[in-house]
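Right, one structure below, let's go through it.
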Amino acid sequence: CSIAMASGSEATRLVSNLVLLDSNFSSMPSVVSEGRRVINNIQKSSSLFLMKTIYTILLSIFCLIVKTDYPFSTRQVLLREILFIVVPSFFLALQANNEKIKGKFITNLLSKSLPGALILFFNVIACYLFDLGLGTDGQFTTMASLAITFVGLLVLFRLCKPFDVYRGIMYSCMVALVAVVLAVPGWANFFEYIPLSIQNILFIVCIVEASYPCYDAIVKGLDKMIYAGQKKE
């Protein structure tokens, strides 16, 4: 990274990656801190959007293979977008972050987004197979949407670790919003959620509970692959 002083020649300033406007190297610590904040926070925010993209592509391919309609309405997708992608990524991008940058950007991004995308996809498939085998009385869409929402909060929980006051408040607000949407009939109807039977509720609880160890297993597997690749390099 080439660094030039503002008081230096114009040619030097033009070819440099960084120009110190006050011509003082004492500004470098704050420059490094800002760079760390931008890169680390972009990794966290981007991983949420990439997780959604990978999951959507996998689900679309599955729907084409089994020749069925895409299971979610625009309103149901909007709820998930707001609760564990748009709002959390906005606040994560603004937080101060002075952690050292480790590894490669794309590798870190995939290691954070791919496990969540796979878990979201597997939960929808589990609900689809449950509906195919036992039937859900037309509650499949609501079941799958709720399962994805709860698993999305689980992924967001892992992404926010280690927690501090800032991330703790942000995550608590997202959980509270989910509770409000599910508890208030008007909001539930707006997002096209219908009441579930006890059997279907228990099934959602089971797959959400199973998602946490599965998520950990995928993360550990990816970490081993990444570590092996770095070791070879």
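Annotation note: Cβ proximity below 9 Å between a residue of segment 99-116 that is on the phi > 0 side of the Ramachandran plot and a residue that is open to solvent by less than 80 Å² (accessible area, probe 1.4 Å) (sequence gap 6+ or interchain) occurs for Gly103/Ser111; Gly103/Ile226.
Among all positions in segment 224-232, there is no residue which is at pLDDT 85 or above and outside any loop (DSSP other than H, G, I, E, B).
Table: residues versus (1) in a loop (DSSP other than H, G, I, E, B); (2) among the hydroxyl-bearing types (Ser, Thr, Tyr).
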position: Leu58; (1), (2): no, no
position: Ile65; (1), (2): no, no
position: Arg80; (1), (2): no, no
position: Phe84; (1), (2): no, no
position: Ser89; (1), (2): no, yes
position: Lys102; (1), (2): yes, no
position: Tyr128; (1), (2): no, yes
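Could you grab me the full set of residues in segment 165-198 that are open to solvent by less than 70 Å² (accessible area, probe 1.4 Å) and not in a helix (DSSP H, G or I)? Answer for segment 165-198, where residues must be open to solvent by less than 70 Å² (accessible area, probe 1.4 Å) and not in a helix (DSSP H, G or I): Val184, Phe191, Tyr193, Leu196, Ser197. A single member of Ile218, Ile201 is β-branched (Val, Ile, Thr), open to solvent by less than 80 Å² (accessible area, probe 1.4 Å) and within 21 Å of the chain's Cα centre (by Cα), and it is Ile218.
The single condition among (1) hydroxyl-bearing (Ser, Thr, Tyr); (2) in contact (Cβ under 8 Å) with a residue 12 or more places away in the chain; (3) farther than 30 Å from Ala147 by Cα; (4) open to solvent by 30 Å² or more (accessible area, probe 1.4 Å) that Ser16 does not satisfy is (4). Could you tell me whether Ala176 is at pLDDT 85 or above, more than 30 Å from Leu134 (Cβ to Cβ) and of a type in the set (A, V, I, L, M)? So Ala176 fits the description; yes. Here Lys44 fulfils each of the conditions (1) modelled with pLDDT of 85 or more; (2) under 30 Å from Val77 (Cβ atoms) apart from (1).
Do we have Ile42 as aliphatic (A, V, I, L, M), open to solvent by 70 Å² or more (accessible area, probe 1.4 Å), closer than 30 Å to Pro115 by Cα and in a helix (DSSP H, G or I) here? It is true that Ile42 is aliphatic (A, V, I, L, M), open to solvent by 70 Å² or more (accessible area, probe 1.4 Å), closer than 30 Å to Pro115 by Cα and in a helix (DSSP H, G or I). Taking the condition among the aliphatic types (A, V, I, L, M), surrounded by 14 or more Cβ atoms within 10 Å (Cβ to Cβ) and modelled with pLDDT of 85 or more, does Leu156 pass? Judged against the criteria, Leu156 is a match. Among the criteria (1) part of a helix (DSSP H, G or I); (2) in contact with a helix residue (DSSP H, G or I) (Cβ under 6 Å, 6 or more places away or on another chain), the one Asn97 does not fulfil is (1). If a residue has to be among the acidic types (Asp, Glu) and assigned to a helix (DSSP H, G or I) to count, how many in segment 22-39 make the cut? Total satisfying the criteria: 1. Of the residues Ile65, Ile82, Ile57, which is open to solvent by 80 Å² or more (accessible area, probe 1.4 Å), aliphatic (A, V, I, L, M) and closer than 30 Å to Ala188 by Cβ? It is Ile57.
The values are calculated or read from the model by the stated rules, or taken from the named source; none is laboratory data. What you see is a predicted model, and the numbers here were worked out from it, not measured in a lab. Cβ: placed from backbone, ideal geometry, glycine included. Neighbour counts: every protein chain shown. With ligands, DNA and RNA removed, areas are computed over all heavy atoms of the protein, side chains included. Shrake-Rupley method; radii C 1.70, N 1.55, O 1.52, S 1.80 Å.
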